[in-house]
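Report on the following structure.
The values are calculated or read from the model by the stated rules, or taken from the named source; none is laboratory data. Keep in mind that what you see is a predicted model, and the values were worked out from it rather than measured. Glycine also receives a Cβ, built like all others from the backbone with ideal geometry; neighbour counts cover every protein chain displayed.
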Amino acid sequence: MSPALRGIGIVLRTAVRVSPWQSLLCLVETVGKVLAALAPLFVGIFAAGAVDRDLGRMAGAALALVGSTAVTNAFSAVGVNAQVKQHELVGHTLDAEIAHRTASLPTLDHLESARFQDRLQLLKDGEGVLGGAFSLLVHTINVVAFSVAVLVVAATADWRLLILIAIGGIRMISARWSVRWERDAEEAGAAASRLSRHLLDLTGSPAAGAETRVFGQQQALRRRLRAAVRGWRTPLVRAGDRTAVLDAVHLLVFYAVAALILGWMTRDALAGTVPVQALVVAVGVLGSLHGVSSSFVEAIRNFTRIGRNCARLVWLIDYSDRVTANQPARTVPPTRLEHGLRIENLSFGYGDADRPVLTGIDLDLPAGTVIALVGENGAGKSSLVKLITGLHRPTGGRIMIDNVDLADLDPSAWRPRLSGAFQDHARFEFTAQRSIGVGDLPALDREDRVRRALHDAAAEDVIAALPHGLATQLGTAWADGVDLSGGQWQRIAIARGMIRPAPLLLVLDEPTSALDAATEHALFERYAAAARTAAGHGAITLLVTHRFSTVAAADLVVVLDQGRVVETGTHEELVAAQGRYAELYELQARGYR
Ligand SMILES: Nc1ncnc2c1ncn2[C@@H]1O[C@H](COP(=O)(O)OP(=O)(O)OP(=O)(O)O)[C@@H](O)[C@H]1O
């Protein structure tokens, strides 16, 4: 089955699942639409009754007309109300599904791929359409039901009206061109659409606000935004123009032929070969007949648009299912480490880039140790951390955890064994309690656990300075929210990294770069002491830092240079070896003298 039809099936099943009754009520409008299409017939019968002075026929037709109008309006109100409710329910359910599928991708490479982001953006652009897909489907059913009823009324009135139906049919065929133009335009503008959103976010974000002002980027941003919006919208506008021209030509041809047919029928009516009722029905049904072709065209367009967005939803579902299926990993990770981590001939490169970021890494990280990872900017420290935490997969080699390949571990079971603070930490704009509590969801609202984590991260003073302590809302974008300094956000992130009880691997990837050297040193000594206490279950603490004063407390120092391990040993051993580490250490020490 095509992805579009599968997607439409998903939308329909979602609608029935979220509310079977509302789904059924939506269809009530369809009955009203069919009755509305019969109106010209009742008018025709009324007119014929008037000519024949048949009061009974006239009264019956008038009653049918008034009754059908009342029922149409009542059913329409009920149906539309149900559709509005279903629109929201189905929309929220599918939006949640998109968010869940995206957030559940186990590694970061998907999110870092421009192609993935473009397709995701297309799906998000169409979220409104997807949310309304069910009501749009019901609308399409209504249009089809109304149109079929109009066609039956017209065809039974006079055969010549079939010519107009045929002309309408031509427009339906050419509608496929419009649909293709629109789809091509959407895809051509996908990257520009994402760029314009990014630029808009930059202009409105307080984080980027300082730099845009200091560097006087406002004008340049406006120019770039204009160009990006042009790149996004121009193909769509062009597609719309071409469709408008096609519609106008079709309209002219339709009404020119309609005028000829009506003239022909009037002549026959005057000659007595066409009944008055048929002529009245033809006049009454004319507008609806043109409406039928444009409604059918609209229905095809809507259906294709729904199908296209539903197909994008199916793409995401298949993509995430494929990613999950590609993980043979079902081995349950250990609850304590006996041996530790062994990294064997590891290599890694981002995306399709030819240049590897890490090459031939061989390392033993024994259980129960504190390890410092050092190296210059771009040496590959964070990349190695992301591989060990399973956020990226190696291109070559493997990472063994107590003799089990990380690739064979169930990622959803490995992640709860990890904790840490990352270089690009998130700013969770919740209350301070929850911003820390999300580090261990069962402890989200446990104040005692959060306070303990704050103590371990030596960040109690950050909370003490807040107006409502842990209950303070963080982030000025929210009512009564307060903003924190970069260092305070970082210390909140460290506390978050400390809340999970007894992780097997605690990663601290430059978590203290915004703090001064003395505070970082004191903090790391505290981590190292705590890590050694926790080493009973073999936990490994991995610290990435640029500050060599901090490194001395580690059991093992690993020096990375241009993606390779160039030295390993204790601080004392490496200083004595007079190699790369000693050189970097001496450089930094000189800076402090
Ligand atoms: N998401 C990414 N996509 C492509 N290349 C990346 C990505 N992240 C890092 N790189 C590249 O990988 C190399 C190593 O980067 P990495 O962040 O691992 O270094 P690092 O040692 O942690 O540096 P720093 O000390 O500056 O944080 C760099 O050349 C960087 O440009």
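Quick notes
- Restricting the first member to the stretch 472-488 and to residues that are more than 19 Å from E510 (Cα to Cα) and without any contact (Cβ under 8 Å) to a residue 12 or more places away in the chain, and the second to residues that are of a type in the set (D, E, K, R) and assigned to a strand (DSSP E or B), no beta-carbon pair is closer than 8 Å while six or more apart or on different chains.
- Between Q473, Q488, the distinction of being out of contact with any Ser or Thr (no Cβ under 9 Å at 6 or more places or on another chain), at pLDDT 85 or above and surrounded by 13 or more Cβ atoms within 10 Å (Cβ to Cβ) belongs to Q488 only.
- Only a single item in (1) within 33 Å of the chain's Cα centre (by Cα); (2) loosely packed, with under 15 Cβ neighbours inside 10 Å is not met by N345, and it is number (1).
- Counted as qualifying within the stretch 279-392 are the strands (runs of 3 or more DSSP E) with 2 or more residues that are free of Cβ contacts under 8 Å to residues at least 60 places away in the same chain, namely 340-348.
- Exactly one residue out of A239, A227, A244 is of a type in the set (G, A, S) and either farther than 30 Å from L164 by Cβ or over 37 Å from the mean Cα position of the chain (by Cα) (or both), and it is A227.
- Among the residues listed as L384, L409, the single one being in the same structural domain as Y581 (by TED's automatic domain parsing) and more than 14 Å from the ligand (Cβ to nearest atom): L409
- Among (1) within 19 Å of L556 (Cβ to Cβ); (2) loosely packed, with under 15 Cβ neighbours inside 10 Å; (3) within 16 Å of the ligand (Cβ to nearest atom), the one test that I371 misses: (2)
- Only listed residue being crowded, with 20+ Cβ neighbours inside 10 Å and touching a Lys or Arg at 6+ places or on another chain (Cβ under 7 Å), chosen from S147, S178, S135, S196: S178
- Residue, surrounded by the fewest Cβ atoms within 10 Å (Cβ to Cβ), within the stretch 414-431, restricted to residues that are within 16 Å of the ligand (Cβ to nearest atom) and in a strand (DSSP E or B): A421
- Of all residues assigned to the stretch 229-238, none qualifies as being surrounded by 14 or more Cβ atoms within 10 Å (Cβ to Cβ) and in contact with a Leu (Cβ under 6 Å, 6 or more places away or on another chain).
- In the set (1) within 24 Å of T107 (Cα to Cα); (2) in a helix (DSSP H, G or I), the condition left unmet by V450 is number (1).
- Among residues of the stretch 104-119, those that are under 25 Å from A185 (Cα atoms) and either away from the ligand (no atom under 11 Å from the Cβ) or exposed (fewer than 15 other Cβ atoms within 10 Å of the Cβ) (or both), counted: 9
- Within the span defined as the stretch 517-531, every residue fails to be assigned by TED's automatic domain parsing to the domain that holds V357, at pLDDT 85 or above and among the basic types (K, R).
- Test for T93: is it in a helix (DSSP H, G or I), surrounded by fewer than 18 Cβ atoms within 10 Å (Cβ to Cβ) and hydroxyl-bearing (S, T, Y): yes
- Any hit, the stretch 438-455, residues being crowded, with 17+ Cβ neighbours inside 10 Å, in contact (Cβ under 8 Å) with a residue 60 or more places away in the chain and assigned by TED's automatic domain parsing to the domain that holds F524: yes
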